[in-house]
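The values are calculated or read from the model by the stated rules, or taken from the named source; none is laboratory data. Everything numeric here is computed off the predicted structure, so don't read it as measured data. A quick note on method: Cβ atoms are made from the backbone with ideal geometry, for glycine too, and the neighbour counts reach across all protein chains shown. These accessible areas exclude ligands, DNA and RNA; they are computed on the full protein's heavy atoms, side chains included. Shrake-Rupley method; radii C 1.70, N 1.55, O 1.52, S 1.80 Å.
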Amino acid sequence: MIEIIINGQTKQLEGPETLEHLLKQLGYQQDMLAVALNHSVVPKSLHRSTLVGAHDHIEVVSPMAGG
Amino acid sequence: MPTLEDAFTLAGTSCSSRLLMGTANYPSPDILKAALQAAGVEIITLSLRREAPRNNSSHGFWDYLRHSGYRILPNTAGCRSAQEAVTTAMLGRELFGTHWVKLEVIGNDRTLAPDPFGLVEATEQLIECGFEVFPYTTEDLTVARRLVDLGCRIIMPWGSPIGSGQGIMNPQALKELRRQFPDVTLILDAGIGKVSHATLAMELGFDGVLLNTAIAHAEDPIGMASAFAQGVHAGRLAYRSGLIEERSHAQASTPEFGRPFSPGALL
C-alpha cells in the first residue's frame, strides 16, 4: 500500500497508478478541472501517462467565484 | 466610457471599461449576471478552489461566464507562499486558457496584506513563464519598482484591506506612485467601499479600479454596479479635465472689485 495526499486528504492506494485512473476511481467527472502533481500542473493530455506514486501531493481544482 | 480620445489599453488589450469586477459573494448568480451587465465591465476575476469528487452539481455559473464574452482574470487569492501562488497561477492558465494572472501572495491573515517578498519571488517566476502578472501590492514604492523592473506593466495597489470598505488609506502615497510610474498601468484593488472611493482613485490618476465586496454586499448590487461604473467614468473625466490644486487658505471666487460697501469709490 502507498499513501498519497489529494486535496489535503490522505488516501491509501494499492500501488502506483495513472492519474487518469485515480481521478476516475475517485469519481471526478467534471471536464473543467485542472490538476497539479507535486506543484506541477499535469495537462489533461498527460493524465493517462502520468503515474501517481508514494507520498505524491495532488491538487484538483475547478473555477470558482473570486475577487 | 472610454472614447477614442481616451482609449484604455490593459496589457496590450483594448478595453471598453476602466472598472473591473470580482464575482464572489453575490446573493445569487442571477444578481451577479445583472450586476456585471449594469456595470458594463469587460474584465472579471475568478478563482480556483478544490473540487470535491463525485460533485454532480451543475456548473451553470462557470458555463455562463465562459460563454459570456467577459475576459477572465484568474486570481491566486489566499495563497500564502510564492510556491502556492505560482502553482495556482499555472493551474489557472491550464483551466482558463489565459496567461493573465492577478497575483496575490498574502502575508498577514488579519489584514490580508500582501507579502512583498513572496510577491516579488512569484512575479519573477511567472514572468519567466510568460505570464502577464497583475500584482496585488501595497503603496510601497520600492516593491513597485522591483515589480516593474521584473517586467510588470500593471501594478495593483490596495486602497485598504480587502473587503474592509475603508477606501483609500493613503491617497498621497498613491499620488506618488502615479508620479513615479507614469507609464505603468495602475489599477486600484482592495478596500473600496463607496463610489466616491473609486472616483477618488481615478481623480488621482489611476487607470482603473477593481472591486468586489462594495457591489456584491450592497443592498442593491445591480444599482450599485451602475453607480460604480458612473463613478469611475466621472473620476476619469475629472482627472483629464484638470483638477484644481488644494490651497491652505481661502481664495474668494467672487471678485472683490465693485463690492458694495467696500472702501474706495467706483465712479
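List every residue pair whose Cβ atoms sit under 8 Å apart, with the two residues 6 or more apart in sequence or on different chains, where the first one lies in segment B:84-97 and is within 14 Å of A:Pro43 (Cβ to Cβ) and the second, anywhere, is crowded, with 21+ Cβ neighbours inside 10 Å and among the aromatic types (Phe, Trp, Tyr).
From residues that are within 14 Å of A:Pro43 (Cβ to Cβ), the pairs are B:Arg93/B:Phe131.
Checking A:Asn38 against (1) open to solvent by 40 Å² or more (accessible area, probe 1.4 Å); (2) away from chain B (no Cβ under 14 Å); (3) in contact with a strand residue (DSSP E or B) (Cβ under 7 Å, 6 or more places away or on another chain), which single condition isn't satisfied?
(2)
Just one of (1) at the interface with chain A (Cβ under 8 Å from one of its Cβ atoms); (2) open to solvent by 40 Å² or more (accessible area, probe 1.4 Å) trips up B:Arg110, so point out which.
(1)
A quick yes/no check of all residues on (1) in a strand (DSSP E or B); (2) modelled with pLDDT of 95 or more; (3) open to solvent by less than 10 Å² (accessible area, probe 1.4 Å):
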residue	(1), (2), (3)
B:Val120	no, yes, no
B:Thr123	no, yes, yes
B:Leu126	no, yes, yes
B:Asp183	no, yes, no
B:Leu188	yes, yes, yes
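In segment B:183-203, what residues are within 14 Å of chain A (Cβ to nearest Cβ) and in contact (Cβ under 8 Å) with a residue 40 or more places away in the chain? Walk me through it before giving the result.
Keep residues of segment B:183-203 that are within 14 Å of chain A (Cβ to nearest Cβ), which gives B:187-193.
Listed by number, the residues that qualify are B:Ile187, B:Asp189, B:Ala190.
Only one of B:Gly69, B:Gly130 is surrounded by fewer than 15 Cβ atoms within 10 Å (Cβ to Cβ), at positive phi and within 22 Å of the chain's Cα centre (by Cα); which? Steps first, answer last, please.
Details: B:Gly130 fails: within 22 Å of the chain's Cα centre (by Cα).
B:Gly69 is the lone residue from the list that is surrounded by fewer than 15 Cβ atoms within 10 Å (Cβ to Cβ), at positive phi and within 22 Å of the chain's Cα centre (by Cα).
If you go through segment A:1-30, how many residues are among the charged types (D, E, K, R) and under 21 Å from B:Ala89 (Cβ atoms)?
Step one: filter segment A:1-30 for residues among the charged types (D, E, K, R), giving A:3, A:11, A:14, A:17, A:20, A:24.
Applying the additional criterion that residues be under 21 Å from B:Ala89 (Cβ atoms) yields none.
Number of matching residues: 0.
A quick yes/no check of all residues on (1) within 18 Å of B:Leu103 (Cβ to Cβ); (2) modelled with pLDDT under 95:
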position	(1), (2)
B:Thr137	yes, no
B:Met156	yes, no
B:Gly163	no, yes
B:Leu174	no, no
B:Arg178	no, no
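Can you name every residue in segment B:58-78 that is more than 12 Å from chain A (Cβ to nearest Cβ) and of a type outside the set (Lys, Arg)? Outline the logic, then answer.
Looking only at segment B:58-78, we keep the residues that are more than 12 Å from chain A (Cβ to nearest Cβ), and these are B:67-71.
Within segment B:58-78, B:His67, B:Ser68, B:Gly69, B:Tyr70 meet the criteria.
Cβ contacts < 8 Å: first residue in contact (Cβ under 8 Å) with a residue 60 or more places away in the chain and at negative phi, restricted to segment B:22-37; second residue of a type in the set (Asp, Glu) and exposed (fewer than 15 other Cβ atoms within 10 Å of the Cβ), any location; separation 6+ or different chain. Result?
none
Among the residues of segment B:204-214, is there at least one that is within 14 Å of chain A (Cβ to nearest Cβ), open to solvent by less than 30 Å² (accessible area, probe 1.4 Å) and assigned to a helix (DSSP H, G or I)? Spell out the reasoning first.
To start, the set of residues in segment B:204-214 that are within 14 Å of chain A (Cβ to nearest Cβ) comprises B:209-214.
From what is left, the residues that are open to solvent by less than 30 Å² (accessible area, probe 1.4 Å) are B:209-212, B:214.
Pick out the ones that are also assigned to a helix (DSSP H, G or I) and you get B:214.
Among the residues of segment B:204-214, at least one is within 14 Å of chain A (Cβ to nearest Cβ), open to solvent by less than 30 Å² (accessible area, probe 1.4 Å) and assigned to a helix (DSSP H, G or I), which makes the answer yes.
I need every pair where a residue in segment B:242-263 that is closer than 20 Å to B:Gln172 by Cα and part of a loop (DSSP other than H, G, I, E, B) has its Cβ under 9 Å from the Cβ of a residue that is open to solvent by less than 100 Å² (accessible area, probe 1.4 Å) and at pLDDT 90 or above, sequence separation at least 6 or different chains.
That search, which allows pairs on different chains as well, returns B:Leu243/B:Glu203.
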